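In what follows, a single structure is set out as structure tokens and then discussed.
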Amino acid sequence: MQQRIKRSELKAGMYLVSHGLGTFSSPLVQVDKPILTPTNIDEYIPADVEDVLIDTSIQLSLLGQVRPVGVPITTGMGEELHIAKRLYADALVHVKSFVDDVRKGTDIDYRKATPLVQNFIESVFRNEAAAVTLFKLRGFDEYTYTHSINVSILAVILGKHLGLDKTALLKLGLAGMYHDVGKAKIPESILNKPGKLTKDEFQIMKSHPLEGYRIMQGQKDLDPEILRAVVEHHERHDGSGYPRALKSEDIGRFSRIIAVVDVYDALTSRRVYKDAMAPAKALGMMYQLRDKDFPHNAIENFIRCIGVFPVGSFVRLSGGEFGIVASANPTRPTKPEVKVVLDAKMRPQLSRLLDLETLEGTPQAQDIAEVLNPFDYKLDLERFLNA
């Protein structure tokens, strides 16, 4: 719900939609950004502006004002997805900014991402499924930037399932946001090469963890675990990783978490040189690498966290109908709850929920036959999710 208030009434945590009245003397200026600190007010709104428009459905919780772990906070999928999309857009602006600054040789300050990551944490605690679904609704057109955000959010989701408190989740989310900062030093001709890298090009690509370490080591008050994740996220459980060929427990805990979600997002994202891999196939491939690239239970924990068919996946059922995975099943990952929205000829129908585990053994039993890319069918899944 949108509400018009006076500039003097703005407070940190409000979501600013626009300012001005749309008149000649007070033109309407679209902003669509959260007020994170009192400084933001001066950044977004000229001093002579009196009237502003806010979205009261979005109240962001800031660092120092977080709710205790364990307090249930629930919002509907549609409502939280709306919030998460706006947070994602703000994070995208931030990532582009710090990547461009690194490329220009300008110093960066990792602390600027703190409110963004904190708000993602709050979003995950309100409705985790919305955060997972968000990945399915994006086209991944800007992988260089979106990958950092995806890894940050996925790391927070996995860390939450592993029992980390919000203080640790903030550090973990920041580690995810900056884990690939060293890639800003890699030539774009290598980063976006459509074909296979040469041996020399691959060696240059492998330098990005150390480049990231050099960029981040001088950051004021940077937690050592964040710095370790930046330099260690390509280390592997069996010692086959880089840059230091670390093994097992010699690899930091944040580094191990980031390694899992980094690979998952890379496999399931569309890139200039490859199509996106279906989540189930990516998880199957990663499962085969347990005890090699990843600790024995790492992939099992991640599967329990997001499911074999993550929430938001567009699927075809064995009966021919099409639907969207509505909730994961931690005990039976291949039997989630599916919201059926299209008939076998892909015509919209009155939606209904099917619990594939409950239906097992009955005449109505169905399985997920395949996971599809909604962009290939020009489908707006968000419309079905909000229906």
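Laboratory data are not the source of any read-out in this text; all were calculated from the coordinates shown. Here the structure is a predicted model, which is why all the values come from computation and not from measurement. Backbone-built Cβ (ideal geometry, glycine too); neighbour counts: all protein chains shown.
Descriptive notes on the structure:
- According to the calculation over all Cα-Cα pairs in the stretch 112-251, the P(r) per 10 Å bin from zero is 11, 37, 36, 15, 1 %.
- Near residue 215, once Lys and Arg are set to +1 and Asp and Glu to -1 for all other residues with Cβ below 12 Å from its Cβ, the sum equals -1.
- Remark: for residue pairs 112/335; 112/339; 96/345; 171/339; 11/378; 196/281, the C-alpha separation exceeds 32 Å in 112/335; 112/339; 96/345; 171/339; 11/378.
- With the cut-off at under 20 Å, measuring from each backbone N in the stretch 245-278 to a point 7 Å along the Cα-to-Cβ line of residue 376 picks out 265-278.
- Using the Karplus relation 6.51 cos²θ - 1.76 cosθ + 1.60 with θ = phi - 60°, the per-residue 3J(HN,Hα) values for the stretch 89-94 come to 4, 5, 5, 4, 4, 5 Hz, with x marking Gly and Pro.
- Taking 0.36 nm per residue of separation and subtracting the current Cα-Cα distance, fully stretching the chain between residue 225 and residue 4 would add 75.2 nm.
- Model label sites at residue 288 and residue 334, defined 7 Å from Cα along the beta-carbon direction, differ in position by 1.7 nm.
- The alpha carbons of the chain stretch over 66, 55, 42 Å along the principal axes, in descending order.
- Cross-link reach list, aspartates and glutamates versus residue 166, counting only Cα pairs under 17 Å and skipping chain neighbours closer than eight places: 122, 128, 223, 225
- Gaussian network model of the chain, springs between alpha carbon atoms under 10 Å - residue of 334, 106, 144 with greatest fluctuation: 106
- Mean-position separation - Cα centroids, the stretch 255-293 and the stretch 124-200, in angstrom: 12
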